[in-house]
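Just below is one structure, and these are the notes that go with it.
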Amino acid sequence: MTLSAWARRSAFAPLLLALTLVSVCALPACGSFGRKSDTLDELGLGALDAQRLAELRGRDPLVAETWLVSMVGAETPEEALEIVDAALAVHPRNENLVLARLQILGDLERDDEFDRSVRRELAMGPSTLMHAVLRSYRIQGLLRSGDPDAALDECFRLGSVAGIDAGLTARGFASVALDFEFLARHDEADEAFDLCLDQGPTGIGYLLELTASRPERAAAAAALLERARTRHPGHVDLHIAWVIEGMRTPDLDAAARRLETMPTPVPFRIQGQVEMLEAQILLLHEEPQEALPLIFDRLDRFVADTHALQTLLACWQQFGIPSDDALRPRLQRARRHLTTEPMLARQIAFVLQQIGSAPAEPPTAEEPAAQESSSADVP
């Protein structure tokens, strides 16, 4: 991986990617690598520079968070690996550090070392969550090394881990299905993708995210989804993916036509997502004034709807509307209710800091419902 590719991890996505991935569920980050943790802020470490962090590590190496934030600030994966190896000498069983090291090995494409490390950790009897994450990492490692058959076996092992979110297994099957399709092993791809669908809708969104980061596989993903729609007519989550595909092509007229043929009734869990697709298409058409009433209507009914809030923020960031005075009270109202969406809550807090605070609106007896769209509910 080049330095520029490493640095681009923290860059803002363009509007098209931001909008079409509003409803896409990403593989949960493992540990604190790639982002500052809440603990860092609590310790007062979030704003320290590299030299100061190095001093803190030397003075109190038992504070693992100082190593983590130094690693996040590394300019190259090689530099990050040096930091995490030094940290593991002090904290050999810190799960965040173990997972961070695996992620860096994957970035460096040191696949043999990656696989040995994962198998060693699995042999040490990890916790349930750690076990599941390690299985997920091994699936991705096997796919990187060109062995989708072994990765498929690993998906079944992941599915046997008691008490894990089925979405994690769905993402594994989606990854394997995409590799099979890319290798023109279409029947095996369909079987793997049906196993993905058996786990719920999460894998559909993960498939879309995979193609966003690996555009050379977009055609394979489109073919996989098209055949799945044929096998499962009326599957609303697959239809949403078809709309999003049109938005990303971009063939916005086709996306709008597909949205009009959405199977009904639309389940409540994705009504906000479906309503906001129309607004997102309008934004991609550069028609923010037409999109805003749709966004506001959704937020008038559900003040903390994540799809509406993300679309509103995208509109404001790209087009400068609504005005700060119109944006502020809506974000303040939503922020009170975002109890299960901490990342979005932090983003809203950052925007409110940018535009300047005003007295928050007091809650009213008639305040609408505070629906939050869980990541497990959307593709």
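The values are calculated or read from the model by the stated rules, or taken from the named source; none is laboratory data. The structure displayed is predicted, hence computed values, not measured ones. With ideal geometry, Cβ positions are generated from the backbone for all residues, glycine too; neighbour counts draw on all protein chains shown.
Here are a few things to note about the model shown:
- When the residues of region 307-343 are filtered to those that are part of a loop (DSSP other than H, G, I, E, B) and not small (Gly, Ala, Ser), the one that is surrounded by the fewest Cβ atoms within 10 Å (Cβ to Cβ) is THR339.
- Top-ranked residue of region 55-96 - restricted to ones that are at pLDDT 80 or above and in contact with a Gly (Cβ under 7 Å, 6 or more places away or on another chain), ranked as surrounded by the fewest Cβ atoms within 10 Å (Cβ to Cβ): GLU95
- Qualifying residue in region 357-368 (condition: loosely packed, with under 14 Cβ neighbours inside 10 Å, closer than 27 Å to ASP165 by Cβ and modelled with pLDDT under 90): no
- Single residue of GLU245, GLU216 found to be within 25 Å of ALA166 (Cα to Cα), acidic (Asp, Glu) and either at pLDDT below 90 or part of a helix (DSSP H, G or I) (or both): GLU245
- Some residue of region 228-251 being touching a residue at least 12 places away in the same chain (Cβ under 8 Å), on the phi < 0 side of the Ramachandran plot and of a type in the set (S, T, N, Q): no
- With respect to being modelled with pLDDT under 95, touching a Ser or Thr at 6+ places or on another chain (Cβ under 8 Å), part of a helix (DSSP H, G or I) and within 20 Å of LEU122 (Cα to Cα), LEU210 falls outside the description.
- Given (1) assigned to a helix (DSSP H, G or I); (2) free of Cβ contacts under 8 Å to residues at least 24 places away in the same chain, number of the condition GLY125 does not satisfy: (1)
- Whichever residue in region 171-187 is assigned to a loop (DSSP other than H, G, I, E, B) and among the hydrophobic types (A, V, I, L, M, F, W, C) and, among such residues, is farthest from ARG231 (Cα to Cα): LEU183
- Inter-residue pairs, beta-carbon under 7 Å, first closer than 12 Å to ALA228 by Cβ and in region 188-210, second of a type in the set (Val, Ile, Thr) and in a helix (DSSP H, G or I), 6+ apart: ALA192/VAL176
- Boolean, GLY172 is touching a residue at least 12 places away in the same chain (Cβ under 8 Å) and surrounded by fewer than 22 Cβ atoms within 10 Å (Cβ to Cβ): no
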